[in-house]
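The values are calculated or read from the model by the stated rules, or taken from the named source; none is laboratory data. Since this is a predicted model, take the numbers as computed values, not measurements. For neighbour counting, all protein chains shown are included, and Cβ atoms are generated from backbone atoms with ideal geometry for every residue, glycine included. Ligands, DNA and RNA are excluded from the accessible area calculation, which covers all protein heavy atoms including side chains. Shrake-Rupley method; radii C 1.70, N 1.55, O 1.52, S 1.80 Å.
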Amino acid sequence: ARSGTTRMEGRLVAISASAGYFAAAIAMQCFLGNITPAWWAFPMNVAVLLVLLVGLTIVWREAGQRWFVQFLASGKCSVVALMLVTGGCLIKGFVPPAAASSAVCVRLGLHDFTSSWIFAFCIVLLVGNLWLVIVRRSTKAPHAWRFALNHIGVLLTIVSLFFGAADTHKWRIVAQQGIPTDMGYDAAGTPHGLGYEIILDTFVVSFFDNGT
């Protein structure tokens, strides 16, 4: 009976913690708006990632037997996190940028969901789950290197795409045929040197049957 009570208490704690976690994400989204990538460029993104991974490692060593921590390192949590991230990607694909005209969509970041705090919290949940799975497996089965390598590969991919996104730049180039250029322009029209030259050799214009 005591075991059943403890498990029930653990589930209540997990539900409460999950609700608080995503409530914090929604609150930050509503009050702060979408994430500004420049704020999280190197070295801030590396520092945040290290704090997250070291903190989770300490939590596992100090409270690894608690039901909630066990859940975070479980396959069930992996499924939940993957479903949340997939849902966020679908929102990004199906909600057009024109939704920015809706106050509700802007407040929840639906017009650019992958840069919202809600999506960021989903990614952090998935990264935390993968890291705890790796830590748990390495302590219980040190010889299971294939399992660890698979999860490390997935973790590196997600970390590179999400935490490294702040260090990427999107520039437009004004190219004239046969004339080299080494300058790109950001969304504000500010010029940036590329460090190399690009030459437009040839181009092809295609039309639909209606002439457009």
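Miscellaneous remarks
- Of the candidates 166, 120, the single residue that is more than 28 Å from residue 192 (Cα to Cα) and open to solvent by less than 20 Å² (accessible area, probe 1.4 Å) is 120.
- Tally, over region 95-115, of residues that are free of Cβ contacts under 8 Å to residues at least 12 places away in the same chain and either under 20 Å from residue 161 (Cβ atoms) or touching a Gly at 6+ places or on another chain (Cβ under 7 Å) (or both): 0
Residue-by-condition table, conditions (1) open to solvent by 50 Å² or more (accessible area, probe 1.4 Å); (2) out of contact with any Asp or Glu (no Cβ under 6 Å at 6 or more places or on another chain); (3) within 16 Å of residue 126 (Cα to Cα):
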{"site": "44", "(1), (2), (3)": "yes, yes, no"}
{"site": "48", "(1), (2), (3)": "yes, yes, yes"}
{"site": "53", "(1), (2), (3)": "no, yes, yes"}
{"site": "92", "(1), (2), (3)": "yes, yes, no"}
{"site": "95", "(1), (2), (3)": "no, yes, no"}
{"site": "102", "(1), (2), (3)": "no, yes, no"}
{"site": "113", "(1), (2), (3)": "no, yes, no"}
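- Test: residue in region 20-28 that is surrounded by 16 or more Cβ atoms within 10 Å (Cβ to Cβ), in contact (Cβ under 8 Å) with a residue 24 or more places away in the chain, over 30 Å from residue 187 (Cβ atoms) and of a type in the set (Val, Ile, Thr): no
- Here region 55-69 is the region considered, the condition is being open to solvent by 50 Å² or more (accessible area, probe 1.4 Å) and of a type outside the set (Phe, Trp, Tyr), and the residue that is nearest to residue 108 (Cα to Cα) is 59.
- Filtered residue count, region 138-181, keeping only those that are within 18 Å of residue 37 (Cα to Cα) and of a type in the set (S, T, N, Q): 2
- Positions within region 121-149 being small (Gly, Ala, Ser) and either modelled with pLDDT of 95 or more or touching a strand residue (DSSP E or B) at 6+ places or on another chain (Cβ under 8 Å) (or both), in sequence order: 128
- Total residues in region 155-201, condition of a type in the set (Gly, Ala, Ser) and not in a loop (DSSP other than H, G, I, E, B): 6
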